[in-house]
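*Asks:* Below you will find the structure I want to go over with you.
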Amino acid sequence: MFSAKTKTLFFDSTITEGLLEGYVRLSVVKDDETGKVKDYVVMDLNGPAARVSGLNKKDIIGKSICVVMAIDRDCGEKLRDRLAETKGSKVFEYQFKQTDRRFLINHVPVSDDEILLFFAEITFRRKAEQVMQVHEILFEQAQDIILYVAMDGRIINANQKACDQYGYIKEELLSLTIQEIRHPSEAIHYEEQMALAAVDGIIFESLHTRSDGSVFPVEVSARTTETESGKLRIHIIRDITERKEQDAKIRWMACYDGLTKVLNRGGFLEILDLELQRAKEENTKIALLMFDIDKFKRYNDNFGHHVGDFVLKDVAKRVQGVLRESDYLGRFGGDEFVILVSDVQDSDYVTSLMARIHGIFKEPIIHEGYPLQVSISLGGALYPEHAEQAKGLLYHADQAMYYIKYKGGNGFQLSR
């Protein structure tokens, strides 16, 4: 492989063409007066090197290295300077900004007049590495929990958000399975959910547990993907505690009165229908009571609406104190309230309850040290004696209440 005359190292073309990397043999062109390197001229190259330039080999031989590397004059000068600075055999990385191409160059000096370059383009590899770096940053800084899960359920990678949310250091989290961070009540859904994750992916809600045993609701997006090492599942998990609390608040506002915190008209009627259905199925009795505050308008007119609101809240609180947990109190609007009493034994029980409710207003309501004497007019009806539908019960309770009001108020009456 040596020429006896020139003592120059060269490679047979069968060898160079078999290389996967680019090979270029360069002649060093120097200034006759200063001895400084002026250029590097191509003496030989292989196919991979020629393909970098997009030219035929015959069009490259005898031309500057800039032609081979498909770069402009300025970039070529920088490469020549880099080659001139490199003493001995060295490997360096070089990027040609004009073409946005990056090469790994192995510089092998043969003599003062010749050098060999072996180079491989690593543009795509570097871009892939950059993408991976960005991916790693996004993975660690993501606001959602991200878990890589093996097909047998082992957690094989987790981001910082996962560690923070579950309360484990990373090593501890990677010793667990996905089943171990799910609440036990979710176990029956696991196989079905993972089967769907393997097909088109799945989004579902679940309950997860922290290291301290506390439970929190999550939304999980799970998908199975192929990697060089085989299949794995990617779980992107979002804590939806705030969303659930907001949903609960919206549902509460839809069913409850904001002032008195008892059921509103819609919420009460919904429960009334359910309790009537249950009473029919179980052959039990229920009672519907209705009352309003006698001459309530005077509190607003004489003392202001803030005092009227105070009276409404106090009335609701007092009545709730008399009822059982299984009974329901609602406000239909204004000063009109309704009560649903379930599992009633007989009319005597209802009459006794009405007497207790009426009696709690013997003591005045105290507002800022000032006593407000309050009384109510209370009427009631029984299922199934007086009516079997909600509308009929409301009618009979209302009629009984207005009978008391007609008599001057401050009393109670069960429908006859």
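*Asks:* In this structure, does ALA197 turn out to be modelled with pLDDT under 95 and under 30 Å from ILE339 (Cβ atoms)?
*Replies:* So ALA197 fails the test.
*Asks:* Also, I was wondering about something else. Among the helices (runs of 4 or more DSSP H) lying completely within the stretch 224-323, list those that include at least 1 residues that are touching a residue at least 60 places away in the same chain (Cβ under 8 Å).
*Replies:* Counting at least 1 such residues, we get 265-282, 297-303, 305-322.
*Asks:* Taking the stated definitions as given, is ASP294 out of contact with any Pro (no Cβ under 9 Å at 6 or more places or on another chain) and closer than 19 Å to ASP257 by Cβ?
*Replies:* So ASP294 does not fit the description; no.
*Asks:* What do you reckon, is ASP327 assigned by TED's automatic domain parsing to the domain that holds TYR406, under 21 Å from LEU274 (Cβ atoms) and in contact with a Leu (Cβ under 9 Å, 6 or more places away or on another chain)?
*Replies:* Yes; evaluated as a whole, the condition is true for this residue.
*Asks:* Evaluate the following for LEU55: is it outside any loop (DSSP other than H, G, I, E, B), modelled with pLDDT of 70 or more and not β-branched (Val, Ile, Thr)?
*Replies:* no
*Asks:* List the number of the failed condition for TYR406; all other conditions in (1) at pLDDT 95 or above; (2) under 16 Å from LYS295 (Cα atoms) hold.
*Replies:* Only one criterion is unmet by TYR406, namely (1).
*Asks:* Residue check, SER342 against (1) in contact with an Asp or Glu (Cβ under 8 Å, 6 or more places away or on another chain); (2) at pLDDT 95 or above, all met but one. Which one?
*Replies:* All conditions pass for SER342, except number (2).
*Asks:* Considering only residues that are farther than 18 Å from SER111 by Cβ and assigned to a loop (DSSP other than H, G, I, E, B), look in the stretch 1-29 and name the one that is modelled with the highest pLDDT.
*Replies:* Only one residue tops the list, namely GLU21.
*Asks:* Take the stretch 362-403 and flag every residue that is in contact with a Lys or Arg (Cβ under 7 Å, 6 or more places away or on another chain) and within 23 Å of GLY333 (Cα to Cα).
*Replies:* Scanning the stretch 362-403 gives SER377, LEU382.
*Asks:* Can you tell me which residues in the stretch 153-189 are over 27 Å from SER229 (Cα atoms) and either among the acidic types (Asp, Glu) or surrounded by fewer than 18 Cβ atoms within 10 Å (Cβ to Cβ) (or both)?
*Replies:* Once the filter is applied, which keeps residues that are over 27 Å from SER229 (Cα atoms) and either among the acidic types (Asp, Glu) or surrounded by fewer than 18 Cβ atoms within 10 Å (Cβ to Cβ) (or both), the stretch 153-189 yields ASP164, GLY167, HIS183, PRO184, SER185, GLU186, ALA187, ILE188, HIS189.
*Asks:* Sort through VAL350, VAL307 and tell me the only one that's hydrophobic (A, V, I, L, M, F, W, C) and farther than 22 Å from LEU274 by Cα.
*Replies:* After applying the criteria, what remains is VAL307.
Residue-by-condition table, conditions (1) among the aromatic types (Phe, Trp, Tyr); (2) at pLDDT below 70; (3) in contact with a helix residue (DSSP H, G or I) (Cβ under 6 Å, 6 or more places away or on another chain); (4) surrounded by fewer than 15 Cβ atoms within 10 Å (Cβ to Cβ):
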{"position": "ASP31", "(1), (2), (3), (4)": "no, no, no, yes"}
{"position": "ASP39", "(1), (2), (3), (4)": "no, no, no, no"}
{"position": "GLY62", "(1), (2), (3), (4)": "no, no, no, yes"}
{"position": "VAL68", "(1), (2), (3), (4)": "no, yes, yes, no"}
{"position": "ASP74", "(1), (2), (3), (4)": "no, yes, no, yes"}
{"position": "THR86", "(1), (2), (3), (4)": "no, yes, no, no"}
{"position": "ASP100", "(1), (2), (3), (4)": "no, yes, no, yes"}
{"position": "VAL108", "(1), (2), (3), (4)": "no, no, no, no"}
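*Asks:* A further question on this structure: Can you name the residue in the stretch 239-286 that is surrounded by fewer than 18 Cβ atoms within 10 Å (Cβ to Cβ) and among the β-branched types (Val, Ile, Thr) and is also farthest from VAL218 (Cα to Cα) among such residues?
*Replies:* Once the filter is applied, the top-ranked residue is THR284.
*Asks:* Here is a follow-up. Consider the stretch 110-135. How many of its residues are of a type outside the set (S, T, N, Q) and modelled with pLDDT under 70?
*Replies:* The number of residues fulfilling the criteria is 10.
*Asks:* Would you call LEU45 assigned by TED's automatic domain parsing to the domain that holds ALA120, under 20 Å from GLU114 (Cα atoms), at pLDDT 70 or above and touching a Lys or Arg at 6+ places or on another chain (Cβ under 8 Å)?
*Replies:* For LEU45, the condition - assigned by TED's automatic domain parsing to the domain that holds ALA120, under 20 Å from GLU114 (Cα atoms), at pLDDT 70 or above and touching a Lys or Arg at 6+ places or on another chain (Cβ under 8 Å) - is met.
*Asks:* Might you check whether a residue that is under 24 Å from the mean Cα position of the chain (by Cα) and either among the β-branched types (Val, Ile, Thr) or modelled with pLDDT of 95 or more (or both) occurs anywhere in the stretch 278-291?
*Replies:* No, the stretch 278-291 has no match at all.
*Asks:* Go through the stretch 185-207 and count every residue that is out of contact with any Pro (no Cβ under 8 Å at 6 or more places or on another chain), under 22 Å from GLN143 (Cβ atoms) and not hydrophobic (A, V, I, L, M, F, W, C).
*Replies:* 1
*Asks:* Among the residues of the stretch 214-223, is any modelled with pLDDT of 95 or more, of a type in the set (D, E, K, R), surrounded by 13 or more Cβ atoms within 10 Å (Cβ to Cβ) and in contact with a Gly (Cβ under 7 Å, 6 or more places away or on another chain)?
*Replies:* no
*Asks:* Another question, if that's okay. What pairs come up if the first residue lies in the stretch 43-66 and is within 21 Å of LEU104 (Cα to Cα), the second is in a loop (DSSP other than H, G, I, E, B) and among the aromatic types (Phe, Trp, Tyr), and their beta carbons are under 9 Å apart, counting only those six or more places apart or on different chains?
*Replies:* Between residues of the stretch 43-66 that are within 21 Å of LEU104 (Cα to Cα) and residues that are in a loop (DSSP other than H, G, I, E, B) and among the aromatic types (Phe, Trp, Tyr), the close pairs are MET43/PHE10; ASP44/PHE10; ASP44/PHE11; ASN46/PHE11.
The values are calculated or read from the model by the stated rules, or taken from the named source; none is laboratory data. What you are looking at is a predicted structure, and each value in this text was computed from that prediction instead of being measured. Cβ sites come from the backbone with ideal geometry, for glycine too, and all protein chains shown count toward neighbours.
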